[in-house]
Amino acid sequence: MTDLQRYPIGNRPYPWFCPGCKGASLWPATVPFKTTLKDHGQSYEINIPDLEAIKCKECDKMLLTSAAEDRVLAQLQKMKEGEERNDNTR
């Protein structure tokens, strides 16, 4: 199981149980998010300073909601489109 997982926001009240440490310590949080994603052999550095996710207060495991994952993928797409524009201007 990876540290980043996709979880929808439902009607369950917080705190949620953490799949990492098993404690009832998962809460919504706005966190800086940095990762490297690969797409078709190309690496992209994703840096979002204020991603809304769910984070464990005990072990720091972070879970991505559907909305957070959509924001990460939108950032990736934006970077890829910028790269395509640069290729077209050469």
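Name the pairs whose Cβ atoms lie under 6 Å apart, with the first residue in region 58-79 and assigned to a loop (DSSP other than H, G, I, E, B), the second hydrophobic (A, V, I, L, M, F, W, C), and 6 or more positions between them or separate chains?
Correct list of pairs: GLU58/CYS21; CYS59/CYS21; LYS61/CYS18.
Restricting attention to region 14-46, which residues are of a type in the set (S, T, N, Q) and either in contact (Cβ under 8 Å) with a residue 60 or more places away in the chain or surrounded by 11 or more Cβ atoms within 10 Å (Cβ to Cβ) (or both)?
Answer for region 14-46, where residues must be of a type in the set (S, T, N, Q) and either in contact (Cβ under 8 Å) with a residue 60 or more places away in the chain or surrounded by 11 or more Cβ atoms within 10 Å (Cβ to Cβ) (or both): SER25, THR30, THR35.
Do you know which residues across region 50-76 are closer than 18 Å to TRP27 by Cα and not charged (D, E, K, R)?
LEU51, ALA53, ILE54, CYS56, CYS59, MET62, LEU63, LEU64, THR65, SER66, ALA67, ALA68
Scan region 68-88 and give yes if some residue there is in contact with a helix residue (DSSP H, G or I) (Cβ under 9 Å, 6 or more places away or on another chain) and either among the aromatic types (Phe, Trp, Tyr) or at pLDDT 90 or above (or both), otherwise no.
Within region 68-88, the subset in contact with a helix residue (DSSP H, G or I) (Cβ under 9 Å, 6 or more places away or on another chain) is none.
No, the conditions are met nowhere in region 68-88.
The values are calculated or read from the model by the stated rules, or taken from the named source; none is laboratory data. Bear in mind that the values here come from a model prediction, so they are computed numbers and not experimental data. Ideal geometry is used to build each Cβ from the backbone, glycine not excepted, and the neighbour counts take in all protein chains shown.
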